[in-house]
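The values are calculated or read from the model by the stated rules, or taken from the named source; none is laboratory data. The shown structure was predicted, so the numbers you read here are calculated from the model rather than taken from an experiment. Because the Cβ atoms are built from the backbone with ideal geometry, glycine has one as well, and the counts that use them run over all protein chains shown.
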Amino acid sequence: METVPATMQAVCLQAIPQGMPQLADFQLQQLPVPVPAAGQVLVRLHWLSLDPFLRAQLGGRYVSPCPPLGAVVPGYAVGTVVADASGRFVAGQWVTGLLGWAQYAVAEARALQPVDPALGPPSTAVGVLGIPGLTAWAGVRRILEPEAGQTIVISTAAGAVGSIAGQLCKAAGARVVGLSSTAEKCALVTAAFGFDACVNYRAPEFADALRAACPQGIDGYFDNVGGAVLETVLSQLALRARVVLCGLSDQYNRSERPPGPNLGPVIGARARLEGLVVYDHLDALERCRQELAGLIARGQLHYREHIHHGLENAAAGFIGLLRGENTGKALVAVEHAA
């Protein structure tokens, strides 16, 4: 059994963010390493996932409640088992779960999932082969159902979910148009992820550029943004279009919900809007992992990781994620003393 230190680094919630989170809302602390009780597992964390849903959770607008002040910031992570009081895992085994922003964590064994390193690098268990990958897969396979010749639009196309969703639609024969926040990201979306086109949704001529990219209208839309971007896309839907409502990054930092979009075009297009909560699709996680890992191995699916080093940079990385500074999956490489 590896030697476990008495204390560990952890990032704790110092204040509830008001608007865009600030570094002062988080505090790096030295805490005792937790000890597993019966049925629990002590995990040494190696990779921490930075996810937009955390902002909604900290604002009290998520399926999980906001953590109390002083608590370790919640988040998905992947690590190796140090001690197991459940009999389910062995020391050194890779696992993933909601473990939080810390060097070590204790979790109920039933809340952890084993990670198969043969499928891909362990970091992918919180990225393309984890919840972000499942989110993209479920939205495309179970709601969008793209067909050859259709035009599908994907928001946050350079991100962990959007980049995978767009490539899955492309593999189905659809024409795929991405939406991203800068010209540089749009270039990445077409060059690295193979989208047919990408439009800067922050540009003043966004609506016209989108119409030029989708001259026959939009048959499917994967939305992670909401707000004005969603309203612009809804105004250009083709008949019988499908829309996946997955994220609302436009309002994560708002204190009040903005007015809803005009849904008249949805009626005119006889479109179907469906909300996507990834936890409803956990039954398909292993099937999704196998499928995506196979596509990666065959060179048919590409992913990127945006890595921050050390827990001391986790808060800055999270804030950068909310500002749209990441390309691909945002991660923290958790460092440990030698």
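For VAL244, state whether it is of a type in the set (Val, Ile, Thr), out of contact with any Gly (no Cβ under 9 Å at 6 or more places or on another chain) and either at pLDDT 90 or above or not in a loop (DSSP other than H, G, I, E, B) (or both).
no
Give me the pairs: first residue in the range 66-93 and assigned by TED's automatic domain parsing to the domain that holds LEU112, second residue crowded, with 17+ Cβ neighbours inside 10 Å and basic (Lys, Arg), beta-carbon distance under 7 Å, and six or more apart or on different chains, which are they?
From the range 66-93, the pairs are GLY79/ARG44; THR80/ARG44; VAL82/ARG44.
Collect the residues in the range 271-328 that are of a type in the set (Lys, Arg) and free of Cβ contacts under 8 Å to residues at least 24 places away in the same chain, keeping them in residue-number order. Show your work before the answer.
Let us first name the residues in the range 271-328 that are of a type in the set (Lys, Arg), namely 272, 287, 289, 298, 304, 323.
Passing the criteria: ARG287, ARG298.
How do the strands (runs of 3 or more DSSP E) wholly within the range 4-72 filter down when requiring 3 or more residues that are closer than 15 Å to ALA107 by Cβ: which remain? Step through it out loud before you land on a result.
Details: elements: 7-13, 26-32, 40-49.
Once the strands (runs of 3 or more DSSP E) in the range 4-72 are filtered for at least 3 residues that are closer than 15 Å to ALA107 by Cβ, what remains is 40-49.
Check ALA109, ALA85, ALA138 and return the single one that is more than 26 Å from ALA315 (Cβ to Cβ) and in contact with a Ser or Thr (Cβ under 8 Å, 6 or more places away or on another chain).
On the way: ALA85 fails: in contact with a Ser or Thr (Cβ under 8 Å, 6 or more places away or on another chain); ALA138 fails: in contact with a Ser or Thr (Cβ under 8 Å, 6 or more places away or on another chain).
Matching residue, one of ALA109, ALA85, ALA138: ALA109.
Is it the case that ASP250 is of a type in the set (D, E, K, R) and modelled with pLDDT of 95 or more?
no
Keeping to the range 172-200, report how many residues are under 19 Å from the mean Cα position of the chain (by Cα), assigned to a strand (DSSP E or B) and either farther than 19 Å from VAL128 by Cβ or not polar (S, T, N, Q) (or both).
2
Quick one: would you say LEU239 is modelled with pLDDT of 95 or more, surrounded by fewer than 16 Cβ atoms within 10 Å (Cβ to Cβ) and part of a strand (DSSP E or B)? Explain how you work it out, then say what you get.
Values: modelled with pLDDT of 95 or more: yes; surrounded by fewer than 16 Cβ atoms within 10 Å (Cβ to Cβ): yes; part of a strand (DSSP E or B): yes.
Yes, satisfied.
Out of all the residues in the range 259-269, is one or more modelled with pLDDT of 90 or more and either loosely packed, with under 13 Cβ neighbours inside 10 Å or small (Gly, Ala, Ser) (or both)?
yes
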